[in-house]
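Structure record follows, encoded as structure tokens.
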2 protein chains.
Amino acid sequence: MSAADTHSLLQKNLPGVDFSTDEHALQHYGRDWTRFHTPRPEAVLWPRSTGQVQQIVRLANKLGKSLVPSGGRTGYSAGAVATRGEWVVTLEKMRAIGEFDPIDRQVEVEAGVITEQLQEFARQQGLFYPVDFASAGSSQIGGNIATNAGGIRVLRYGMTREYVAGLTVVTGAGEILHLNNGLVKNATGLDLRHLMVGSEGVLGIITEARMRLIDPPPPQSVMLLALSSLDAVMRVFALARARVKLSSFELFSHKALTHVRSQRELPAPFEANSPWYVVLEFDNAGPADEEAALAFFEAGMEAGDIEDGIFSQSVEQARQLWQYREGISESIAHLTPYKNDIAVRVSKVPEFMRRLEEILQASYPDFETVWFGHIGDGNLHLNILKPENLSVADFQRRCEAVSADVYGLIESLQGSISAEHGVGLLKKPYLPHSRSQAEIALMRQIKAAFDPNGVLNPGKMLPDQTNT
Amino acid sequence: MSAADTHSLLQKNLPGVDFSTDEHALQHYGRDWTRFHTPRPEAVLWPRSTGQVQQIVRLANKLGKSLVPSGGRTGYSAGAVATRGEWVVTLEKMRAIGEFDPIDRQVEVEAGVITEQLQEFARQQGLFYPVDFASAGSSQIGGNIATNAGGIRVLRYGMTREYVAGLTVVTGAGEILHLNNGLVKNATGLDLRHLMVGSEGVLGIITEARMRLIDPPPPQSVMLLALSSLDAVMRVFALARARVKLSSFELFSHKALTHVRSQRELPAPFEANSPWYVVLEFDNAGPADEEAALAFFEAGMEAGDIEDGIFSQSVEQARQLWQYREGISESIAHLTPYKNDIAVRVSKVPEFMRRLEEILQASYPDFETVWFGHIGDGNLHLNILKPENLSVADFQRRCEAVSADVYGLIESLQGSISAEHGVGLLKKPYLPHSRSQAEIALMRQIKAAFDPNGVLNPGKMLPDQTNT
């Protein structure tokens, strides 16, 4: 359909809904933070209400159009890219913060509210919205819920799921559902709210949510520790968890440190190099907490697991120490990293990393790998950097071969091929490593129940079916 | 089918699976804690493994038999009763506690493990399983998960859902699913684990689970407070939540106190009567906590909201104070209580209770009502006691008329007609007051995906369909 035809069709059928068929808009709204696909949507639509979203979904059903629900488009799995002439439905004009009740400690938000906006709103009420990650300044609550976003405080506060007290959803069939309505307890049949969390836009479009806010934590302190081995990392994690009240426990390798120092021009934190570093953040409400933290540190030194360390003495120094961890992703972005977002049970992390190192050393000794991750959640980000002498295409091909080995190992350890980035288009071929055929068949049937004509995010999440 | 025919059919088709067609067993295993239905199962089966459960489900599909999954049968909604010649599949011989990993803090349990057994196991590991309620000595983990059990500490620790890190399930189609495998983060498509939690045996039979254990809380203290009005209750709740670290905040009415005192021969806790009482439990790790609690109490007294109070000075006294709340259900059991387990958002509790009192006073002035509940969760148990001069049948009929009014009010406040007791058979007709027709239609389709021949718990949860 020509842009002019699309234009008049939308104008006629969706009066009052903003849209664009402008090439620049199509390019901009047709992609997320992945760069493996060419955006090719037919139109971008900006609904301003749940009712307008319903009109759009109903029209798509009538005309056989496909829709791509679109949040902040900060995803790493191509869940929000539009490559097949879809209509992108962006929620960015639905960003009102609605009713807040201090007794319920719940706030109504439209799906387009930015994560940071909600964090700031909570602060203004003397409360706390704990979900936080690098893209908090541009990711949207609707997208966070659709991907069950995690981040750097999952260890203490859990994923986005924990904070969803209610949802308004337009299903693929065009029905408006009001799920759970902010109730703490509600044992009235199947919990469709929890089914929507992490559903990546294949069942319905989340238009509004009631988010739960919590008490703010006490003042936090930060330690940056240098650790002698991977086994030491796990022992120090167990020790820290027993001695202090942890909010974060983030691991990175010496290579990761090298990249972030170079890019941000940061000083070496310690005189000697160590193989592993950890940033941990924990409650420091007074002298008792301070003493416990020092006792933890001394115990780790005595055991030979901690080689050196820095204990933040101010909010400013805490912020500086976090830089060594937070800057990693950005510092390797120009090196064409092939990203793996993988998880195993926490207890299996050492075995997993050892076996993974063996695979990488044996088959791909020329690849540089940069490790970092949320060790307290068993979630590791394995970044493979492109050797200079390899073309991007060859690099990608070889990385996909690496993935086959990595995912085979993950399957044998009952791990996850996508810990917090979702499935989208990129991880779809690998889903059977983490989910059985019976599970995938059930997902398809659930998809068909919510979206009988398959108008929502077609081709995402569920592996392509082969004829048998 | 005669008992002898059933006997030989089971013996032939399920070698190695224990079963009984004995009348006493049928009566015993065919009912839960409700007493509104006559048990009439055809057989009781005792599988000892997930594989045996699968054999049973496959045979039921082949022969067109119906199955009732059966835990501790402590439910209040008739979700586990068998009235139509079903086979009761009791998990009580699957009560092994399996692998425990101290790093993951997860333990594998079979579905028949008793709640108290898991609480005790956690204690032995220096950890804590926080879900607790009156029937913890006989309820089973599988049943807790299938009903998303709540109880007295939801305010602090949430429902059973929070502690389910992995599930093994046999679907109605006879497929074995291993869901989530104990991962903290796993963004690989629709989360079927969360769909199973609270599914009341209509999608699959939960056979094993990986349960998450947590740090034990600091020492707890208890206060019993006498409060001047319902508005005072809400203000004292807000004050307590701001000043102390609450584990429980449990409300009951003066009538409830009268019944429990009479049945347990307890002394009057206070010299004067008050309309409402609250038991609260909170952290008391040292002098700072103690001072905060006293400051809270004094602030409540000064405001005129707290009329009197007792602060436990020992573990034994804490236990004694809890009796005034814990004994209520038992103390009214002989008075044929008609139980409602209802919830609204916490902020709507005062309005809800006022409007409910108006309904009861206007239409049913001869009914005695006993209120208690988990005020911090918005969950109230409204018990209507049978007047002496009314027959049981007439009482039930009139209570059902009350329910229509009560549920209408709940619907207008977007509340829940079953906060923690589930739907089962008893609440099924009322489900549309809490869930829309579109939601119920989706539930039916999900049920059909998991259980295409409808062998699992037929007639439960989903309202009967009328021909249109």
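In this structure, the amide hydrogen of B:G166, modeled 1.01 Å from its nitrogen in the peptide plane, lies closer than 5 angstrom to those of B:G182, B:R210, counting only residues at least 5 positions away or on a different chain. Dipole magnitude for the stretch B:42-153: about 420 debye, using +1 per Lys or Arg Cβ and -1 per Asp or Glu Cβ, origin at the Cα centre. Take B:M1, move 7 Å from Cα toward the beta carbon, and the resulting point lies 5.6 nm from the same point in each other copy, nearest first. With both labels modelled 7 Å from their Cα along Cα-to-Cβ, the A:Q27 to A:A333 distance reads 1.8 nm. Inter-copy label distances at A:D101, using a point 7 Å along Cα-to-Cβ, come to 4.1 nm with the shortest given first.
For chain B, the mean residue ellipticity at 222 nm estimated from helices alone is -11000 deg cm²/dmol, where every DSSP H run of n ≥ 4 contributes -39500 (n - 2.57) and the total is divided by all residues, rounded to the nearest 500.
For chain A, relative contact order (Cα pairs under 8 Å, six or more residues apart, normalised by length) works out to 15 percent. Over 30 Å between C-alpha atoms is what I'm after, so list which of A:K339/A:K447; A:K93/A:K447; A:K185/A:K460; A:K62/B:K62; A:K93/B:K245; B:K185/B:K339 land there. Violating the 30 Å Cα-Cα cut-off are A:K185/A:K460; A:K62/B:K62; A:K93/B:K245; B:K185/B:K339.
Residues whose amide H falls under 5 Å from that of B:G79, counting only those 5 or more places apart or on a different chain, are B:L425, with hydrogens built in the peptide plane.
Per residue of peptide A:261-273, the mean number of Cβ atoms on other chains within 10 Å of the residue Cβ is 0. The trypsin sites (Lys or Arg not before Pro) of the stretch A:18-126 that DSSP puts in a loop, and whose beta carbon has at most 10 other beta carbons within 10 Å, are A:R35.
The loop-placed trypsin sites (Lys or Arg not before Pro) in the stretch A:360-468, going by DSSP, include none that has at most 11 neighbouring Cβ atoms within 10 Å of its Cβ. Evaluating 6.51 cos²θ - 1.76 cosθ + 1.60 at θ = phi - 60° for every residue in the stretch A:304-319, the Karplus couplings come out as x, 7, 8, 8, 6, x, 10, 10, 4, 10, 7, 4, 5, 5, 4, 4 Hz, glycine and proline recorded as x. For the stretch A:279-284, 3J(HN,Hα) computed residue by residue from phi via the Karplus equation (6.51, -1.76, 1.60; θ = phi - 60°) reads 9, 10, 10, 7, 4, 9 Hz, glycine and proline entered as x. For the stretch A:406-468, relative contact order (Cα pairs under 8 Å, six or more residues apart, normalised by length) works out to 36 percent. Along the stretch A:130-137 the Karplus relation, 6.51 cos²θ - 1.76 cosθ + 1.60 evaluated at θ = phi - 60°, assigns HN-Hα couplings of x, 5, 8, 6, 4, 8, 4, x Hz to successive residues, with x for each Gly and Pro. What does the charge count around A:Q361 come to, taking other residues whose C-beta lies under 13 Å from its C-beta (Lys +1, Arg +1, Asp -1, Glu -1)? Within the 13 Å Cβ shell, the charges total -3.
Here the scattering of chain A is modelled by Debye summation over its C-alpha atoms, one equal scatterer each and no solvent; at q = 0.08, 0.13 Å⁻¹ the log10 of I(q)/I(0) is -0.51, -1.27.
Label point of A:Q125 set 7 angstrom out along Cα-Cβ; within the stretch A:213-245, amide nitrogens under 17 Å from it belong to A:213-217.
Convex hull volume per residue, computed on the Cα atoms of the protein assembly as shown, equals 187 Å³.
Can you give the local net charge around B:P219? Use residues other than it whose beta-carbon is closer than 10 angstrom to its beta-carbon, Lys and Arg +1, Asp and Glu -1. Value of the local net charge: -2. Sorted shortest first, the distances from the A:E357 label point to those of the same residue in the other copies are 6.8 nm; each point sits 7 Å from Cα along Cα-to-Cβ. Extension gain, A:Q437 to A:E351: 0.36 nm times the residue separation minus the Cα-Cα distance gives 28.3 nm.
Close amide H partners of A:S416, meaning residues 5 or more places away or on another chain with modelled amide H under 5 Å apart, are A:A343, A:V344. Along chain A, counting only GluC sites (Glu not before Pro) with a DSSP assignment other than H, G, I, E or B and at most 11 other Cβ atoms inside a 10 Å radius, the longest segment between sites is A:1-264.
The antiparallel fraction among DSSP beta bridges confined to chain B stands at about 90%. So what's the angle, to the nearest 10 degrees on a 0 to 90 scale, between helix A:254-264 and the longest Cα principal axis of chain A? The angle comes out at about 70 degrees.
Summing Lys and Arg as +1 and Asp and Glu as -1 over all other residues whose Cβ lies under 12 Å from the Cβ of A:P350 gives a net charge of +2.
Taking label positions 7 Å along the Cα-Cβ direction at both B:T38 and A:Q263, the computed distance is 7.4 nm, reported to one decimal.
Read-outs throughout are calculated quantities, based only on the coordinates presented, and are distinct from any laboratory measurement. Source: prediction; values computed, not measured. Heads up, the Cβs are rebuilt from the backbone with ideal geometry, glycines too, and the neighbour counts pull from every protein chain shown.
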